[in-house]
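Here's the structure we're looking at; comments come further down.
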Amino acid sequence: MRYTGLIENYRDRLPVSETTKLISLGEGNTPLIRLENIPAILGKDVDIYIKYEGLNPTGSFKDRGMTMAVTKAVEAGSKAIICASTGNTSAAAAAYAARAGIKAFVLIPEGKIALGKLAQAMIHGAVIIQIKGNFDDGMRLVKEVADHAPVAIVNSINPYRLQGQKTAAFEIIEELGDAPDYHCLPVGNAGNISAHWMGYKEYFKDGKAAKTPIMVGYQAAGSAPFVKGAMIDNPETIATAIRIGHPQSWDLAHTVKEESKGWFKAISDKRILATQKLLTEKEGIFCEPASAASLAGLIHDIQHGHIPDKSKIVCTLTGHGLKDPDVAISQCNDAMININPVMSEVRDAILNNM
Ligand SMILES: *Cc1c(COP(=O)(O)O)cnc(C)c1O
């Protein structure tokens, strides 16, 4: 049967009716890729799977939540949606609003949004409101303005977002035959880790999985309120997608940690970038910096004995590497050889670099 998106696929587990018009771009059903080279490089006997959410229609997991949020907004008669965004939410909101024929307003932090994401929001025709402030300022403003203008909020405080995002856990269980031992994610607002936990618990309760995983959340060191145990006013990290100091799903995320016996940990920008490069060079998988935080953290926790040998681990790569070409290129500045257009120079370039 033709795959037509995650709502259709999990209709009986999502809050839609038979008459709900679905706004979908075929999101979900993303690949679960087993790492073949990195475990050997680490010298560890661990089974690591990458849930490659960068292969959703707009290049991030945000599409899973956005298909639900926009579907329900349209069902409720909304003519416009609004979100604050570090980038990917605005790209998804812009695309799904275009699909639905409604208007999208996106609030982005000035100068702190990756180029690919900005391009997406612009080309899909969203109204882009750049604020002299960070994501947390944008989020506060969105909540305030929703009482004064006819717009539906599609940030992850919209409960339909998490409903859509929980389906990633269903897909993983179906593919592996059970839940993994550990599930690692990068954490910003913590909506996604909370949504995954909802999905895992739902399948466990219904007997579709024999266990639930230990949930592990990784934050960038300069932007790690869950590790600090308190909100942060001026978060900084090169991983702009998780540059969030006042997470919206604060309580939910703490419940996830307690119920799953998991933990939060901070990872330096340097390690995040090194892991992004390791993954591209050794496995052929290109993710954006924020996404690499999950694998960077996992590698740290494996090397420090927090995750034992023989474990089966799923690592979510939240967004595609093409989202942030500037950071990718800045890591590879010496990777280009300049020559004259003659065969001998091409030959030398090959022979000197075999
Ligand atoms: C939104 C986003 C995150 C953070 O997800 P939360 O649900 O806010 O914790 C991580 N990585 C990428 C690429 C994102 O777009």
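State which residue is surrounded by the fewest Cβ atoms within 10 Å (Cβ to Cβ) when the search covers only region 205-227 and only residues that are over 22 Å from the mean Cα position of the chain (by Cα) and of a type outside the set (A, V, I, L, M).
Per the criteria, the residue is Gly207.
Among the residues of region 147-199, count how many are closer than 21 Å to Gln219 by Cβ, among the hydroxyl-bearing types (Ser, Thr, Tyr) and in a helix (DSSP H, G or I).
Looking only at that region, the number is 1.
So which of Gly245, Gly229 is in contact with a Pro (Cβ under 6 Å, 6 or more places away or on another chain) and at pLDDT 95 or above?
The unique qualifying residue is Gly245.
Among Val151, Val145, which is the only one that is over 23 Å from Asn29 (Cβ atoms), surrounded by fewer than 19 Cβ atoms within 10 Å (Cβ to Cβ) and not charged (D, E, K, R)?
Criteria check complete, one pass: Val145.
With the condition being among the hydroxyl-bearing types (Ser, Thr, Tyr) and crowded, with 22+ Cβ neighbours inside 10 Å, I'd like the helices (runs of 4 or more DSSP H) fully within region 1-91 carrying at least 2 qualifying residues. Show your work before the answer.
Numbers: elements: 6-9, 38-42, 62-75.
Those helices (runs of 4 or more DSSP H) span 62-75.
Here is a check on your reading of the model: is Gly319 under 24 Å from the mean Cα position of the chain (by Cα) and closer than 22 Å to Gln165 by Cα?
It is true that Gly319 is under 24 Å from the mean Cα position of the chain (by Cα) and closer than 22 Å to Gln165 by Cα.
Only residues that are touching a Ser or Thr at 6+ places or on another chain (Cβ under 6 Å) and surrounded by fewer than 24 Cβ atoms within 10 Å (Cβ to Cβ): list them for region 263-305, please.
Hits for region 263-305 are Asp269, Phe286.
All but one of (1) touching a His at 6+ places or on another chain (Cβ under 8 Å); (2) surrounded by fewer than 12 Cβ atoms within 10 Å (Cβ to Cβ) hold for Thr316; which doesn't?
Result: Thr316 passes all but (2).
Testing Met198 on (1) within 15 Å of the ligand (Cβ to nearest atom); (2) closer than 26 Å to Pro289 by Cβ, one condition comes back false. Which one is that?
Condition not satisfied by Met198: (2).
Here is a list of conditions, (1) away from the ligand (no atom under 12 Å from the Cβ); (2) in contact with a helix residue (DSSP H, G or I) (Cβ under 7 Å, 6 or more places away or on another chain); (3) of a type in the set (Phe, Trp, Tyr), and Tyr218 meets all of them except one; can you say which number that is?
So the condition that Tyr218 fails would be (1).
Could you say which residue among Val314, Val327 is in contact (Cβ under 8 Å) with a residue 12 or more places away in the chain and away from the ligand (no atom under 14 Å from the Cβ)?
Matching residue, one of Val314, Val327: Val314.
Which condition does Gly101 not pass, out of (1) of a type outside the set (D, E, K, R); (2) on the phi > 0 side of the Ramachandran plot; (3) buried (at least 24 other Cβ atoms within 10 Å of the Cβ), if it passes all the others?
Gly101 satisfies every listed condition except (3).
With a cut-off of at least 1 residues that are of a type in the set (S, T, N, Q) and more than 21 Å from Gln219 (Cα to Cα), name the helices (runs of 4 or more DSSP H) lying wholly within region 250-354.
Output list reads 325-330, 343-351.
Under the condition of being in a helix (DSSP H, G or I) and closer than 14 Å to Ala266 by Cβ, which residue from region 224-249 is farthest from the ligand (Cβ to nearest atom)?
Going through the qualifying residues, I end up with Lys228.
Would you call Gln120 under 25 Å from Ala224 (Cα atoms), at pLDDT 95 or above and either among the polar types (S, T, N, Q) or crowded, with 24+ Cβ neighbours inside 10 Å (or both)?
Working: under 25 Å from Ala224 (Cα atoms): no; at pLDDT 95 or above: yes; either among the polar types (S, T, N, Q) or crowded, with 24+ Cβ neighbours inside 10 Å (or both): yes.
Against the criterion (under 25 Å from Ala224 (Cα atoms), at pLDDT 95 or above and either among the polar types (S, T, N, Q) or crowded, with 24+ Cβ neighbours inside 10 Å (or both)), Gln120 does not qualify.
Looking at (1) surrounded by fewer than 24 Cβ atoms within 10 Å (Cβ to Cβ); (2) touching a helix residue (DSSP H, G or I) at 6+ places or on another chain (Cβ under 7 Å); (3) closer than 20 Å to Gln248 by Cβ, find the lone condition where Phe170 falls short.
That leaves (3) as the condition not met.
The values are calculated or read from the model by the stated rules, or taken from the named source; none is laboratory data. Since the structure is predicted, the reported quantities are computational estimates derived from the model, not experimental observations. Because the Cβ atoms are built from the backbone with ideal geometry, glycine has one as well, and the counts that use them run over all protein chains shown.
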